[in-house]
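Down below is the structure, laid out as structure tokens.
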Amino acid sequence: MEAVGDMVATAEGLLGGIDILIANAGGPPPGNFASTDLSLYEPALHLNLLSSVAMCKATVPAMQQRGWGRVVAITSISVREPIDRLILSNTARAGLTGFLKTLAREVAGDGVTVNSLQPGLHATDRLRSVYGSDLSAAAAGIPAGTLGEPDDFGQIAAFLCSDAAKFITGAAIPVDGGASHGLQ
């Protein structure tokens with residue numbers, strides 16, 4: 001977590017401050033309950049929960065002082081509907097979602113919004129590493145009939161960072177082509 005402080009200090013020195021934080025981390029290794037050793041949970045929590053908490057601790061207070069800021073965390077659709085073989089990611093990202101909702105309520109009055117985007121299946125290297133190179137079966141299970149495109153996902157994140165999104169905070173937005181079955 002020491003690297004977070006160094007990264008933030010460097011960015012503030014170069015840019016004069018941080019107004020927007022996009023918190024994103026790669027996924028921990030796949031596995032299920034039986035195949036995942038207890039020792040793997042702590043690194044997964046550091047990667048997918050505590051790193052984002054540390055970045056928020058390092059950046060949000062200055063956003064509050066300036067009266068404007070945006071935090072967008074990339075979590076996963078798995079916080080709504082756990083994904084088979086991704087027990088570590090399911091666990092850590094659900095915890096991050098609880099943190100983000102709590103933070104959003106605490107800083108909303110200071111002009112800082114905090115939201116999360118929950119990607120479903122997008123055409124990324126991570127998806128290929130989990131499911132293999134032929135992704136046609138994965139796409140077939142998506143009501144939109146196709147995998148998400150990373151560029152389209154980026155446009156949604158950019159909107160949440162804009163002034164037009166100033167009244168959206170505490171939202172956990174699925175970006176999954178209609179694949180999740182939950183009502184929320």
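Give the range of the longest stretch in the chain that excludes all chymotrypsin sites (Phe, Trp or Tyr not before Pro) found in loop regions by DSSP and having at most 11 other beta-carbon atoms within 10 Å.
Details: sites that count: F33, F167.
Longest site-free region, per DSSP loop and neighbour criteria: 34-166.
What percent of all Cα-Cα pairs in the stretch 2-175 falls into each 10 Å bin, going from 0 up to the bin containing the maximum distance?
Once binned at 10 Å, the Cα pair distances of the stretch 2-175 give 9, 35, 35, 17, 4.
If I histogram all Cα-Cα distances within the stretch 141-184 using bins 10 Å wide from 0, what percent of pairs lands in each bin?
23, 46, 29, 2
Taking only the alpha-carbon positions of the stretch 35-76 and ignoring solvent, what does the Debye formula give for the base-10 log of I(q)/I(0) at q = 0.14, 0.21, 0.27, 0.30 Å⁻¹?
Result of the Debye calculation: -0.44, -0.73, -0.93, -1.02.
Calculate, for E2 and R66, the FRET efficiency according to 1/(1 + (r/R0)^6) with r their C-beta to C-beta distance and R0 22 Å; round to the nearest 0.05.
On the way: r = 25 Å, r/R0 = 1.14.
That gives a FRET efficiency of 0.30.
Pick out the long, greasy-scoring helices in the chain: whole DSSP H runs spanning 27 Å or more along their own axis by Cα, mean Kyte-Doolittle at least -1.0.
Numbers: long enough: 87-107 (30 Å, 0.40).
Flagged H segments are 87-107.
Let's test the formula: R0 of 25 Å, r as the Cβ-Cβ distance of D152 and T102. What FRET efficiency results, to the nearest 0.05? Before the final figure, lay out each step's value.
Numbers: r = 29 Å, r/R0 = 1.16.
Given R0 = 25 Å and the Cβ-Cβ separation, E is 0.30.
About the Cα centre of the chain, how large is the charge dipole given +1 on each Lys and Arg Cβ and -1 on each Asp and Glu Cβ? Please answer in debye to the nearest 20.
Working: 11 positive and 17 negative charges, 77 e Å.
Approximately 380 debye in magnitude.
What are the extents of the Cα atoms of the stretch 65-141 along their three principal axes, in Å, largest first?
48, 21, 18
Each reported figure results from applying straightforward, stated rules to the coordinates on display, with no laboratory input. For clarity, every value in this text was computed on a predicted model and none was experimentally measured. Ideal geometry is used to build each Cβ from the backbone, glycine not excepted, and the neighbour counts take in all protein chains shown.
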